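The values are calculated or read from the model by the stated rules, or taken from the named source; none is laboratory data. Just so you know, these numbers come straight off a predicted model, no measurement behind them. Please note: Cβ atoms are built from the backbone with ideal geometry, for glycine as well, and neighbour counts cover all protein chains shown.
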Amino acid sequence: MIPDVGEPPAPAGRTRLRRLHPLDGVALGLALLGAACALTGLLPRAETAATLARVLPLLLFLGTVVVLAELTAVAGVFDVLATRLAIAARGSYPALFVLCVGFASVTTIALNLDTTAVLLTPVMLALARRLGMPPLPLAMTTVWLANTASLLLPVSNLTNLLAADRVGLDPLPYAARMALPQLAAIGVTMALLWAGYWRRGRRGSARFVAPERSAPVDRVLYRTALAGCLLFVAGILAGVEIGIASAVAAGLLLAGFAVRSRATLRPTLVPWRLLLLVTGLFLVVQTLGRHGLGDLVGVLLGPDGGTLGALRAGGTGALLANTVNNLPAYVAGEAVLPPGDVTRLLALLVGTNVGPLVTPWASLATLLWYERCRAAGLAVPLGRFVAASAVLAVTATLAAVGALLITG
């Protein structure tokens with residue numbers, strides 16, 4: 001098509017600005033606001049340096065684990081596994097339900113909740129189309145478990161990394177303490193998923209026709225990706241620092257793709273938006289903590305420990321997460337709690353992990369899930385989503401905090 005010569009083309013800079021995603025604007029705005037807090041002295045230089053020193057290992061992990069997950073998806077690992085789950089269910093919806101819950105839970109636990117939201121959502125929606133079933137049950141399975149299954153390992157959620165560092169627990173002791181709360185959260189999630197989305201009256205048909213077995217396009221890359229994921233999980237269990245474990249695993253995949261599919265390796269693989277967002281959030285929340293936020297959070301948490309204190313900590317975490325975002329909510333609560341109050345700290349963690357389901361911005365995973373659903377053409381009924389998610393946030397938080405008290 002010949003352009004209209006009477007209308008000059010838009011400048012290159014303006015074209016680039018138009019292509020910015022709204023989340024890019026949020027990330028840039030937070031990064032600039034955080035930098036302004038540091039440069040103007042609202043956040044003193046010593047606290048700025050301490051905050052950046054704390055966030056750098058998180059950025060290494062977040063950047064490399066997203067690259068690992070993206071390349072694992074390109075290699076076809078998620079698609080092959082989802083298809084094999086449908087085949088293994090043999091036309092039974094209850095069996096498919098259990099397998100999909102397990103798939104989403106393991107992905108969240110081992111590869112981070114944002115991985116589940118970003119990569120598993122399109123896989124689940126594609127699976128729904130192949131099976132001819134409504135997409136909403138599979139979509140809700142993904143977003144709910146991306147949050148409620150993120151308690152077990154430090155790598156499952158960025159907040160877990162902070163909590164494990166604060167209480168001085170290595171991955172295996174941390175997992176032992178959080179195992180029962182994690183089981184409780186997943187159990188409540190399964191019950192509400194089945195009642196609200198998967199039972200016969202919601203899904204439509206009694207059985208489905210299983211798809212044919214699919215094979216990866218490049219078996220070498222497929223096996224390399226599997227090896228990278230297994231290496232990553234093995235490194236975590238062996239006590240290797242998680243940023244190093246994810247970097248080594250991602251490096252293995254990068255080497256494989258450099259040999260087999262170099263065109264796949266683009267700068268956009270690096271999650272610059274997430275890295276800016278996390279850095280800005282830490283600096284801004286640290287600044288707000290010095291100027292009144294800590295007092296408000298202290299009132300919500302209360303001075304007492306015990307059962308009531310743990311329940312208040314979990315409720316405060318869920319409330320703040322749905323008001324602002326789960327990451328700054330945890331950071332604000334952690335700054336107020338005494339260093340030795342492990343039970344309330346972990347209860348706060350439960351609230352910020354399991355509770356951020358009601359508002360779209362409560363967790364980055366939920367926000368990314370909305371984006372992927374919209375890109376796939378799935379209109380999520382917001383009113384029903386908020387109501388059902390509020391029930392899950394309350395019941396799962398209570399169940400997980402109760403389980404935490406039992407293990408404590």
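Counting just the residues of the stretch 374-388 that are at pLDDT 85 or above and not in a helix (DSSP H, G or I), which one comes out surrounded by the fewest Cβ atoms within 10 Å (Cβ to Cβ)?
379
Taking into account only those residues within the stretch 293-323 that are under 19 Å from the mean Cα position of the chain (by Cα) and under 20 Å from residue 151 (Cα atoms), which is surrounded by the fewest Cβ atoms within 10 Å (Cβ to Cβ)?
Applying the first criterion (under 19 Å from the mean Cα position of the chain (by Cα)) to the stretch 293-323 yields 314, 317-323.
When the remaining residues are screened for being under 20 Å from residue 151 (Cα atoms), the result is 314, 317-322.
Numbers: 314: 28, 317: 32, 318: 30, 319: 18, 320: 26, 321: 31, 322: 26.
Ranking the candidates gives 319 first.
Does any residue in the stretch 235-257 that is in contact (Cβ under 8 Å) with a residue 12 or more places away in the chain come within less than 6 Å, Cβ to Cβ, of a residue that is in a helix (DSSP H, G or I) and hydroxyl-bearing (Ser, Thr, Tyr) six or more places away or on a different chain, and which pairs are these?
246/64; 247/64; 250/64; 256/224; 257/264
Sort through 61, 78 and tell me the only one that's over 19 Å from residue 378 (Cα atoms) and either basic (Lys, Arg) or over 15 Å from the mean Cα position of the chain (by Cα) (or both).
It is 78.
Would you call residue 71 more than 26 Å from residue 386 (Cα to Cα) and within 13 Å of the chain's Cα centre (by Cα)?
Criteria not met by residue 71.
Please state which one of 209, 240, 284 is in contact with a Gly (Cβ under 6 Å, 6 or more places away or on another chain) and at pLDDT below 90.
Answer to the selection: 284.
Looking at this structure, is residue 276 under 15 Å from residue 393 (Cβ atoms) and of a type in the set (A, V, I, L, M, F, W, C)?
Considered against the rule, which asks whether it is under 15 Å from residue 393 (Cβ atoms) and of a type in the set (A, V, I, L, M, F, W, C), residue 276 comes out as no.
Output the residues belonging to the stretch 318-347 that are in contact (Cβ under 8 Å) with a residue 60 or more places away in the chain and assigned to a helix (DSSP H, G or I).
Matches in the stretch 318-347: 318, 322, 326, 327, 330, 331, 334, 342, 343, 345, 346.
Identify all residues within the stretch 195-232 that are out of contact with any Lys or Arg (no Cβ under 8 Å at 6 or more places or on another chain), surrounded by 18 or more Cβ atoms within 10 Å (Cβ to Cβ) and within 30 Å of residue 404 (Cβ to Cβ); write none if there are none.
198, 229, 232
Just to be sure I understand the filter: pairs with C-beta atoms under 7 Å, separated by 6 or more residues or on different chains, first member in the stretch 262-286 and surrounded by 18 or more Cβ atoms within 10 Å (Cβ to Cβ), second member among the hydrophobic types (A, V, I, L, M, F, W, C) and outside any helix (DSSP H, G or I). Which pairs pass?
283/43; 286/43
Kindly check whether there is at least one residue in the stretch 347-357 that is out of contact with any strand residue (DSSP E or B) (no Cβ under 6 Å at 6 or more places or on another chain), crowded, with 20+ Cβ neighbours inside 10 Å, of a type in the set (A, V, I, L, M) and at pLDDT below 85.
To start, the set of residues in the stretch 347-357 that are out of contact with any strand residue (DSSP E or B) (no Cβ under 6 Å at 6 or more places or on another chain) comprises 347-357.
After this cut, where a residue has to be crowded, with 20+ Cβ neighbours inside 10 Å as well, the list is 347-357.
Subset that is of a type in the set (A, V, I, L, M): 347-350, 354, 357.
Going one step further and asking which of them are at pLDDT below 85, we end up with none.
Scanning the stretch 347-357, I find no residue that is out of contact with any strand residue (DSSP E or B) (no Cβ under 6 Å at 6 or more places or on another chain), crowded, with 20+ Cβ neighbours inside 10 Å, of a type in the set (A, V, I, L, M) and at pLDDT below 85, so the answer is no.
Can you tell me which residue in the stretch 113-160 is modelled with the highest pLDDT, limited to those that are closer than 19 Å to residue 237 by Cα and either touching a Gly at 6+ places or on another chain (Cβ under 9 Å) or of a type outside the set (A, V, I, L, M) (or both)? Spell out the reasoning first.
Within the stretch 113-160, the subset closer than 19 Å to residue 237 by Cα is 113, 149-160.
Remaining after also requiring either touching a Gly at 6+ places or on another chain (Cβ under 9 Å) or of a type outside the set (A, V, I, L, M) (or both): 150, 154, 156-157, 159-160.
Numbers: 150: 96, 154: 89, 156: 91, 157: 91, 159: 91, 160: 93.
Out of the qualifying residues, it is 150.
Could you please let me know if residue 357 is among the aliphatic types (A, V, I, L, M), within 26 Å of residue 289 (Cα to Cα), in contact with a helix residue (DSSP H, G or I) (Cβ under 7 Å, 6 or more places away or on another chain) and not in a helix (DSSP H, G or I)?
yes
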